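Worksheet: the structure to be examined is printed underneath.
The values are calculated or read from the model by the stated rules, or taken from the named source; none is laboratory data. Here the structure is a predicted model, which is why all the values come from computation and not from measurement. Here the Cβ is made from the backbone with ideal geometry for all residues, glycine too, and neighbour counts use every protein chain on show.
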Amino acid sequence: MFFTSTAISRAVRAAAARGEVRRIGPRLYARAGPDPVERVVARHRWSILAGYLPGAVVTDATAFTLSPAADRSLCVAAGAHRTIELPGLRLRARRGHGPLAGDTPFMDGLYLASEPRRFLENLRDTRARDGFRWTLGERAVGERLERVAAVRGPDALRELRDAARDLSGELGLPHAYTRLEALVARLLGARAVPGRDMPAPRFDGLPCDPGRVELFDVLLAALADRPAPARPASRATGTAQFAAWERRLSARVPEARPAGGPIPPGLVPGTMRQGRKRYAALAPGFPRAVFQAFLLSEVRPLPERNDEIARMRMNAELSAAGEQRIIVTAELRDAYADGLRMLSAAGDPRPFIAALDAAQAATAAIDWTNPPLETVSR
């Protein structure tokens, strides 16, 4: 995927005429390949957004979901109103403030609106037109504030409210702040107990993180609805042979950082219990392996090495079912890490499942009858 320029436009047109590249949108091309163009666009949506609207701030509904809306829209604040139509994707820019204090660098030069900013901007006065609305609206914002209260406690709500008050003047959103203040006051008044944190939701008698339980349900539904790949373990894949190949091919995967922040220690046992219940509902093999990999990486119940042990548990599930174990190679490391982030931040399980599917296919393609180079050299 690349953007053309005056210097290379003639060469790109010639390559398109030969069928070597295909046009995706204005100045945007991709190498010819078997994947549908919509899938290519979805895979590169953030770099495409950054190419068309460099330095834009991901905000409004997109700042919470980090995925396209029902009408395929991604929303940003930029220097001017603009809509860009692409196969399977619609980029919507509105005139708004650029990066402010607290906004964080995102992908490819984009910025992500800070938490106070995204709450305020989702309480702006907007109307739905042709099925599209820029903001989540008061009800959805209230639900997200309730999650903040449940997971992080009343002090986090107060800090969010105070930061939004300071920011509302800069954004010119006094009415949005009034709505936010009322929602916070309602939550504090309805649920606060003097001298105590707000109670977290309980399942089976144990408090847990409701946002993580929602992610578990999303992943459970995606895995239950998807035919599991049939890749039996090779008879030549002994423990020593696999370990040698794993040392040769595996890449160091950066430690995952759950988008929702660390789970308070008091909620970890209940959250793990809810995860295990959903894990048990899945078929053995690949579905359970994927769920295990996400569960430990997201909840992080151990003092250290959560991601490493998550992949070990993943392969233990595959071995128990007689299926091919997985090596996350250097070529697939970024896809694996990005898949974890997309599931954690946006509730989209597809990239994570696809990354592990590809990693298992690549591992199954290894000629296990030949030892890796490090074994030969000994």
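Annotations for the structure displayed:
- Qualifying residue in segment 292-305 (condition: part of a helix (DSSP H, G or I), aromatic (Phe, Trp, Tyr), assigned by TED's automatic domain parsing to the domain that holds ASP209 and over 17 Å from ALA280 (Cα atoms)): no
- In segment 306-329, residue farthest from ARG276 (Cα to Cα) [restricted to those that are among the acidic types (Asp, Glu) and part of a helix (DSSP H, G or I)]: GLU308
- If the condition is being within 15 Å of LEU74 (Cα to Cα) and either surrounded by 17 or more Cβ atoms within 10 Å (Cβ to Cβ) or modelled with pLDDT of 85 or more (or both), then segment 123-155 contributes PHE132, ARG133, TRP134, THR135, LEU136.
- Condition met for PRO36 (more than 28 Å from TYR111 (Cα to Cα) and either more than 21 Å from the chain's Cα centre (by Cα) or crowded, with 19+ Cβ neighbours inside 10 Å (or both)): yes
- In segment 312-334, the residues that are closer than 15 Å to ALA283 by Cα reach residues that are among the polar types (S, T, N, Q) with C-beta atoms within less than 6 angstrom, at least six apart or across chains, in these pairs: MET314/GLN292; GLU317/GLN292.
- Strands (runs of 3 or more DSSP E) wholly inside segment 1-96 that include at least 1 residues being within 20 Å of ARG117 (Cβ to Cβ): 73-78, 89-95
- Yes/no for ALA346 being more than 30 Å from GLU115 (Cβ to Cβ) and in the same structural domain as THR271 (by TED's automatic domain parsing): no
- Filter result for ALA358 (at pLDDT below 85 and either surrounded by fewer than 17 Cβ atoms within 10 Å (Cβ to Cβ) or farther than 22 Å from ASP209 by Cβ (or both)): no
- Qualifying residue in segment 7-23 (condition: surrounded by 20 or more Cβ atoms within 10 Å (Cβ to Cβ) and more than 17 Å from the chain's Cα centre (by Cα)): yes
- When restricted to residues that are of a type in the set (A, V, I, L, M, F, W, C), part of a loop (DSSP other than H, G, I, E, B) and either modelled with pLDDT of 95 or more or in contact with a Leu (Cβ under 6 Å, 6 or more places away or on another chain) (or both), segment 105-122 contains 1.
- Any hit, segment 48-60, residues being surrounded by 13 or more Cβ atoms within 10 Å (Cβ to Cβ), closer than 30 Å to HIS97 by Cβ and out of contact with any strand residue (DSSP E or B) (no Cβ under 9 Å at 6 or more places or on another chain): yes
- Index of the failed condition, PHE132 passing every other in (1) touching a residue at least 60 places away in the same chain (Cβ under 8 Å); (2) in contact with a helix residue (DSSP H, G or I) (Cβ under 9 Å, 6 or more places away or on another chain): (2)
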